[in-house]
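A.B. asks: Please see the structure below; I have some questions.
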Amino acid sequence: MDSAPPPRELLEIAIDVARGAADTAYRMRVEGVSVAATKSTATDVVTAADRAVERQITDALRRLRPADAVLGEEYGAAERGTEAPARVRWIVDPIDGTVNYLYGLPHCAVSIAVEVDGEVVAGVVRNIHTGDEWTATLGGGAWRDGQRLRCSTETDLGQALVITGFGYDAGRRAHQARVVAELIPQVRDIRRLGAAAVDLCVVAEGRADAYYEKGLAVWDRAAGGLVAAEAGLLIGGLKGLAPGPDMVIAAPPALFGPLHDRLAELDAAGGP
Ligand code: IPD
Ligand code: CA
C-alpha cells in the first residue's frame with residue numbers, strides 16, 4: 001500500500017493545482033463561455049470550462065501523485081497509474097457554482113479536497129473571480145489570507161442568517177422551497193448564493209451564521225466542509241446521520257440543535 005504524506009504537504013499540492021485551475025477558469029470566462037451539455041436536468045449545465053479545468057486538475061495530480069485516486073464531478077473516477085489500493089483520494093469540483101460562472105456572477109470556485117483512508121485531511125476552495133482562497137487541514141485550523149477562521153457565535157436561531165441551496169430537479173426544488181417558506185419567518189433571513197463550497201467557507205468565516213442543503217454531492221462539500229469544521233462549525237445530517245446527500249447542516253454548536261430540529265420537523269431531507 002502506498003504511503004500518505006502529512007496533510008500540510010497534500011494541502012500545498014492542492015493549493016498549487018487549484019490556483020492554476022482557477023486561472024484557467026477565469027481566462028475561459030473572460031474569453032466567453034456557453035453551455036456545452038446538460039446533465040441531470042435542462043438547467044444542470046456543464047460548460048467547456050468545467051471539463052477543461054477538471055482535466056487540468058486531474059493531469060496535474062496524475063503527474064505529482066500518480067498512485068492516488070481522483071474523483072471529479074465531470075469525469076468521475078480518473079484512471080490511476082497502479083492497481084494497488086490507494087490510501088489517498090482527491091475529490092475535485094472543477095467549478096462549483098457553474099450557473100453563477102455561466103452568468104459571470106463572482107461566487108464560484110475550484111474545490112479540491114484530499115482524503116487519506118477515507119477521511120478528508122486537507123482542502124482548498126479558491127474563488128475563480130476574486131482569488132479568495134480558503135484552506136484547511138484536519139486539526140490544523142481553517143485559514144484565509146493568513147487569518148485563522150472562526151465561525152459565528154450566534155446562539156439565537158431567530159437572529160441567524162442562514163444560507164441554503166437548491167437542487168436541479170424541479171420536484172426537489174419544490175420541496176426545498178416549501179421548507180424554506182416555513183423556515184424564513186423563524187430566522188433573520190435566508191441567502192441562496194449558488195456555490196455550496198463557497199457557502200461553507202462564507203459560514204466558516206462568520207459572514208453568515210449557518211448553512212444547510214439537501215442533495216449535495218461529495219465534491220460540493222468535501223473541501224468546504226473541512227474548512228467549516230475547522231472554523232468551529234458542527235457538520236452533520238439529520239437525526240444523527242453523517243452529512244451526506246440527504247442533508248448537510250453546518251452550524252455553530254449553539255445553533256446546530258435548534259436548526260436541526262426545525263429542519264427535521266419540516267422533513268427537509270424528504271421529498272424527491
Ligand atoms: C451546485 C452548487 C449549488 C448547490 C447545488 C450544487 P455545481 O454545484 O453548489 O450552490 O445548490 O446543490 O449542485 O453544479 O455548481 O457544481
Ligand atoms: Ca461543479
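Nothing in this text is a laboratory measurement; each read-out follows from the coordinates by a stated rule. Quantities reported herein were computed from a predicted structural model and do not represent experimental measurements. Here the Cβ is made from the backbone with ideal geometry for all residues, glycine too, and neighbour counts use every protein chain on show.
A.B. asks: Quick check on the stretch 157-265: take the gyration tensor over C-alpha atoms, sort the square-rooted eigenvalues as a ≥ b ≥ c, and tell me if it's rounded (a/c under 1.5), prolate or oblate.
C.D. replies: Cα axes put the stretch 157-265 in the rounded bin.
A.B. asks: Loop-only check: which trypsin sites (Lys or Arg not before Pro) in the stretch 1-73 are DSSP coil with at most 14 other Cβ within 10 angstrom?
C.D. replies: Taking the stretch 1-73 and a limit of 14 other Cβ atoms within 10 Å, the loop trypsin sites (Lys or Arg not before Pro) found are K39.
A.B. asks: Shifting gears a bit: Starting from the stretch 113-199, pick out the trypsin sites (Lys or Arg not before Pro) whose DSSP state is loop and whose Cβ has at most 16 other Cβ atoms within 10 Å.
C.D. replies: Hits after loop and neighbour filter: R150, R188, R192.
A.B. asks: Over the chain, what is the mean sequence separation of C-alpha contacts under 8 Å (at least six apart), divided by residue count, expressed as relative contact order in percent?
C.D. replies: Taking the mean separation of contacting Cα pairs over the length of the chain, I get 17 percent.
A.B. asks: Further, regarding this structure: So which chymotrypsin sites (Phe, Trp or Tyr not before Pro) in the stretch 205-271 pass both tests, a DSSP loop state and at most 11 other Cβ atoms within 10 Å of the Cβ?
C.D. replies: Passing both the DSSP loop test and the Cβ count: no residue.
A.B. asks: Within the chain, what's the longest stretch lacking GluC sites (Glu not before Pro) that sit in DSSP loops with no more than 11 other Cβ atoms inside 10 Å?
C.D. replies: Maximal segment without exposed cleavage sites: 84-272.
A.B. asks: Among G237, G97, G131, which one shows the highest mean-square fluctuation when the chain is modelled as a Gaussian network with alpha-carbon springs under 10 Å?
C.D. replies: G131
A.B. asks: Once each part is reduced to its C-alpha centroid, what is the distance from the stretch 21-90 to the stretch 102-125 in angstrom?
C.D. replies: Cα centroid to Cα centroid, the span is 12 Å.
A.B. asks: Okay, next question. What does the net charge come to around G237 if you take all other residues with beta carbon closer than 10 Å to its beta carbon, with K and R at +1 and D and E at -1?
C.D. replies: +1
A.B. asks: Shape call for the stretch 225-272 from the C-alpha gyration tensor, a ≥ b ≥ c root eigenvalues: rounded (a/c under 1.5), prolate (a/b greater than b/c) or oblate?
C.D. replies: It comes out oblate by the Cα gyration axes.
A.B. asks: Determine the shape class of the chain: with a ≥ b ≥ c the square roots of the Cα gyration tensor eigenvalues, call it rounded for a/c under 1.5, and otherwise prolate if a/b is greater than b/c, oblate otherwise.
C.D. replies: Prolate, since a/c reaches 1.5 and a/b exceeds b/c.
A.B. asks: For G118, what charge total do you get from the other residues with a beta carbon under 14 Å from its beta carbon, if Lys and Arg give +1 and Asp and Glu give -1?
C.D. replies: -2
A.B. asks: With only Lys, Arg, Asp and Glu charged, each at its Cβ (+1 for the first two, -1 for the last two), find how big the charge dipole of the chain is about the Cα centre; round to the nearest 20 debye.
C.D. replies: 280
A.B. asks: Related question: Using Cα-Cα distances under 8 Å and only pairs 6 or more residues apart, what relative contact order does the stretch 30-108 have, in percent?
C.D. replies: So the answer I get is 26 percent.
A.B. asks: Taking Cα centroids, how far is the stretch 174-204 from the stretch 235-270 in Å?
C.D. replies: With the stretch 174-204 and the stretch 235-270 each reduced to a Cα centre, they are spaced 13 Å.
A.B. asks: While we're here: Dipole of the chain (Lys/Arg Cβ +1, Asp/Glu Cβ -1, origin at the Cα centre): which of A37, W90, F256 lies farthest to the positive side?
C.D. replies: A37
A.B. asks: Given contacts defined as C-alpha pairs under 8 Å and at least six residues apart, what's the relative contact order of the stretch 157-265, whole-number percent?
C.D. replies: 26
A.B. asks: Quick one: angle between helix 48-64 and the longest Cα principal axis of the chain, in degrees between 0 and 90, rounded to 10, please.
C.D. replies: Once rounded, the angle reads 60 degrees.
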